[in-house]
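Novice: Could you have a look at this structure, given as structure tokens, before my questions?
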Amino acid sequence: MSWHLKERLQKIVAAEQGTLVYAPGSRQPMALVYPNTYHVGMSNLGMHIIYEQINSRGDTACERLFLPDKKTLDEYIRTNTPLLTLENQLPLYEFPLIAFAVSFEMDYFNLLAILLTGKVPVLAADRGDSDPLVIIGGPCATFNPEPLADFVDVCIIGEGEEVIQDFLDSYYDSMHQGLPREELLLRLAQIEGVYVPRFYQPVYADDGIIECYERHPALPATKVRRRFIKDLGKYPAQTVIVTSETEFKDMFLIEVARGCGRHCRFCMAGYCFRNPRVRPLAQIAEGVKRAKLLRAKVGLMGAAISDYPEIDALCQLILDAGLTMSVASLRADSLTPGLVEALAASGHKTITLAPEAGSERMRRVINKGITDEHLFHAIAAATMAGIPHVRLYTMIGLPGESEQDVEAIIEMVHKVKDHMEFLGNKAMVTVSINPFIPKPFTPFQWLPMASMEEVSSRLKYIQTILKKRKGVEVLIEQPKEAYIQSVLARGDRRLGQVLLIAATNGGVKGWKQALKAHQVSEEFYLYRPRGEDEVLPWDNLSMGFDTAYLLAEYHQARAEKYTPPCSAGCKRCGVCQE
Ligand code: SF4
Ligand code: SF4
């Protein structure tokens, strides 16, 4: 055991405000793990929300753990110290419950590294009655937990605030009754929003496609339905622990809305976290009061902040409190003068817009609902308010993308730059281009990904042309990583073995070798069009709508037809029942 490592953790806690430390033994312990660094994990508002929910019960003490940086991890290994939690520096393997918040596919490698270094039996099948229950929640657990199925006991599907309470009530009751592990898991699997992968065994056909899942006979013959909070007003969501060691170090985060009703057809978050819900302004005002005690800036969180119905009043409220503000996301078609002026008054120098595609045709395919006019209007409003820089997010390799659509990305950037110059704005345009990844529970879930060669050559072409224009900067994500992410996003349980071999051989770096060692073809996951009636790895789960709805949206995409946003009284997709 390294005292140096313990001291380092104590120092981190000492530099935080809002941390809850309970004496060991005074409450039931539960570890909450973010499979990335402290800096990344503490920037995730979901971690704060669940930390508070667990501690607010009165019977459970939540202790956090993050992936140590490379140097610290080496020290853990060299000194044979098991991974330790922050609050009381306890070994991870001693916790009866270990919950991971999983937001990104690339963190799967880290999750396994944490189990291995934490000395927790890595395979769920190897864990006995006295071993921890490993739980995953967050976006990845919600849309397709299958690549992690061999390593986890329980998956929380959807939003965690309510399901974590039902889960813990049932868990403590079962422990009290002395239920063995299998019976405990069967009982937990009855909770709405809880998926226990071991009770759903995939059967594969000779061609490698899933033929069916064999469900445990004690479980109902229905899909596991995602949980979501109907009334956000019941659950305030804001920064709980303030620390300077995060991406948002100078900000107090407040969630203003959840879900998005815009129906962009590529957007997993839009499909898996609908319907759109907003927090009452009065509740956010309480958050702003708390923010004033701790920080000078408020970070507004939500899928599309400019869609918040009382956005101008909210901005005014923040400025009147003597605070500045920042936003997670904007839509070019719902920017208001009040919002732009508040951002300018807060010192913002960049407006970030996400047209996602260059041609209006392609924006119709993906149902983005943004026109060039919206972009120009938003840029003019920002320029006039004193926000000069423009950042554009777009994708390459979208379904049915033609050479004209690629040219249109270049044209869009030129038009934006011309427009800025017309306005007398000489600032930089930054274009960020990411490969499109088809995601589960979207109308594009059946489609192959565009080939890496094609995506790379199109990216290179755009970069070469736009390099010639002064004041334009092109940022591209390394396609290699996007392709690993894509395999994992729509992968099945067989990838578990690949992940495990990779995790023991340098993580992401060991991916290719692990695929080879396990004779798994990446092409099968990346480039194979799925049949419309194929059993998909995530078919045990339901987001509240059925496959026919997604297929209808896919046909709308092919016909370049617009799907209007969610609206009051709508029952179109099946999510809003009451
Ligand atoms: S506006 Fe579109 S891309 Fe943005 S969160 Fe909503 S559905 Fe997703
Ligand atoms: S039922 Fe209508 S309002 Fe509700 S999530 Fe679906 S599309 Fe949106």
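The values are calculated or read from the model by the stated rules, or taken from the named source; none is laboratory data. Keep in mind the model is a prediction, meaning the values are calculated, not measured. Positions of Cβ are generated from backbone atoms using ideal geometry, with glycine treated the same way; all protein chains shown enter the neighbour counts. Note: accessible area is taken over every heavy atom of the protein model, side chains too, but ligands, DNA and RNA are not part of it. Shrake-Rupley method; radii C 1.70, N 1.55, O 1.52, S 1.80 Å.
Novice: Run the accessible area of the chain with a 1.4 Å probe and give the carbon-and-sulfur part as a rounded percent.
Specialist: 54 percent
Novice: Compute, for the stretch 358-492, the length of the dipole vector about the Cα centre, with Cβ point charges of +1 (Lys, Arg) and -1 (Asp, Glu) only. Units Debye, rounded to 20.
Specialist: 300 debye
Novice: So which trypsin sites (Lys or Arg not before Pro) in the stretch 435-468 end up in coil per DSSP with only 14 or fewer other C-beta atoms within 10 Å?
Specialist: Answer by residue number: 468.
Novice: Another question, then. Output wanted: per-residue J couplings in Hz (rounded whole) for the stretch 236-246, from phi through Karplus 6.51 cos²θ - 1.76 cosθ + 1.60, θ = phi - 60°, x for Gly and Pro.
Specialist: x, 10, 8, 3, 9, 10, 9, 8, 7, 8, 10
Novice: Mind jotting down the distance between the C-alpha centroids of the stretch 462-478 and the stretch 316-375, whole Å?
Specialist: Cα centroid to Cα centroid, the span is 22 Å.
Novice: Give me the net charge of residue 199's neighbourhood, meaning all other residues with Cβ under 10 Å from the Cβ of residue 199; Lys, Arg count +1, Asp, Glu -1.
Specialist: Residues close to residue 199 contribute a combined charge of 0.
Novice: Something else about it: Nearest 20 debye, what's the magnitude of the dipole of the chain about its Cα centre given +1 on Lys and Arg Cβ and -1 on Asp and Glu Cβ?
Specialist: 1220 debye
Novice: For the chain, which cysteines have no disulfide-compatible partner, meaning no other cysteine Cβ under 4.7 Å?
Specialist: Singleton cysteines: 62, 140, 155, 212, 260, 272, 315, 566, 570, 573, 576.
Novice: For the stretch 48-57, take each phi angle, set θ = phi - 60°, evaluate the Karplus expression 6.51 cos²θ - 1.76 cosθ + 1.60, and give the result in whole Hz per residue in order, putting x for glycine and proline.
Specialist: Rounded to whole hertz, the list is 5, 4, 5, 4, 5, 4, 5, 5, 5, 5.
Novice: Quote the accessible area belonging to residue 307 in square angstrom, nearest 10, computed with a 1.4 Å probe and with ligands, DNA and RNA left uncounted.
Specialist: Taking all protein chains as shown, residue 307 has close to 60 Å².
Novice: Now for a different question. If you restrict to DSSP beta bridges whose two residues both lie in the chain, what percentage is antiparallel, to the nearest 5?
Specialist: 20 percent
Novice: Using the Cα atoms of the stretch 409-532, I'd like the radius of gyration and the largest Cα-Cα distance, Dmax, both in angstrom.
Specialist: When restricted to Cα atoms, the stretch 409-532 yields Rg and Dmax of 18.7, 58 Å.
Novice: If you average the sequence gap of Cα pairs under 8 Å that are 6 or more apart and divide by the length of the chain, what percent do you get for the contact order?
Specialist: Once normalised by length, the contact order is 13 percent.
Novice: Can you tell me the dipole magnitude for the stretch 3-225 around its Cα centre, using point charges on the Cβ only (Lys, Arg +1; Asp, Glu -1), in Debye to the nearest 20?
Specialist: Dipole size: approximately 660 debye.
Novice: Suppose we keep just the alpha-carbon trace of the stretch 462-513; what are its Rg and Dmax in angstrom?
Specialist: Final numbers for Rg and Dmax: 16.6, 48 Å.
Novice: Let me ask something else. Report the percentage of all Cα-Cα pairs in the stretch 41-95 whose separation exceeds 14 Å, rounded to a whole percent. Show your work: numbers first, answer last.
Specialist: Numbers: 917 of 1485 pairs.
Value for the stretch 41-95: 62 percent of Cα pairs lie more than 14 Å apart.
Novice: What figure, in Å² to the nearest 10, do you get for the accessible area of residue 75 with a 1.4 Å probe and non-protein molecules left out?
Specialist: Solvent-accessible area, nearest 10 Å²: 20 Å².
Novice: Counting pairs of Cα atoms in the chain, how many percent are more than 29 Å apart?
Specialist: 57 percent
Novice: Another question about this same structure. Sketch the reach of a paramagnetic label on residue 94 as a point 7 Å from Cα along Cα-to-Cβ, and name the residues of the stretch 107-122 whose backbone nitrogen lies under 15 Å away.
Specialist: In the stretch 107-122, the label zone of residue 94 (backbone N under 15 Å from the point 7 Å along Cα→Cβ) covers 118-120.
Novice: Taking square-rooted eigenvalues a ≥ b ≥ c of the alpha carbon gyration tensor, is the stretch 61-121 rounded, prolate or oblate, where a/c under 1.5 means rounded and, failing that, a/b exceeding b/c means prolate?
Specialist: Oblate.
Novice: Taking the stretch 3-225 as the region of interest, what is the percent of Cα-Cα pairs per 10 angstrom bin, listed from the shortest bin to the one with the maximum distance?
Specialist: Calculated over all Cα pairs of the stretch 3-225, the distribution is 8, 34, 37, 17, 4, 1 percent.
Novice: Of 459, 31, 321, which is farthest towards the positive pole of the chain's charge dipole, taken about the Cα centre with +1 and -1 on the beta-carbons of Lys, Arg and Asp, Glu respectively?
Specialist: In the chain, that residue is 321.
Novice: While we're looking at this one, here's another question. Which of the listed residues, 242, 275, 296, is farthest toward the dipole's positive end in the stretch 237-306, when Lys, Arg count +1 and Asp, Glu count -1 at the beta-carbon?
Specialist: 275
Novice: Report the net charge of residues surrounding residue 268, where surrounding means a beta-carbon distance below 12 angstrom and charges are Lys +1, Arg +1, Asp -1, Glu -1.
Specialist: +3
Novice: Lys/Arg Cβ at +1, Asp/Glu Cβ at -1, dipole of the stretch 3-225 taken about the Cα centre: which of 50, 178, 21 is farthest positive-ward?
Specialist: About the Cα centre, the residue reaching furthest to the positive side is 21.
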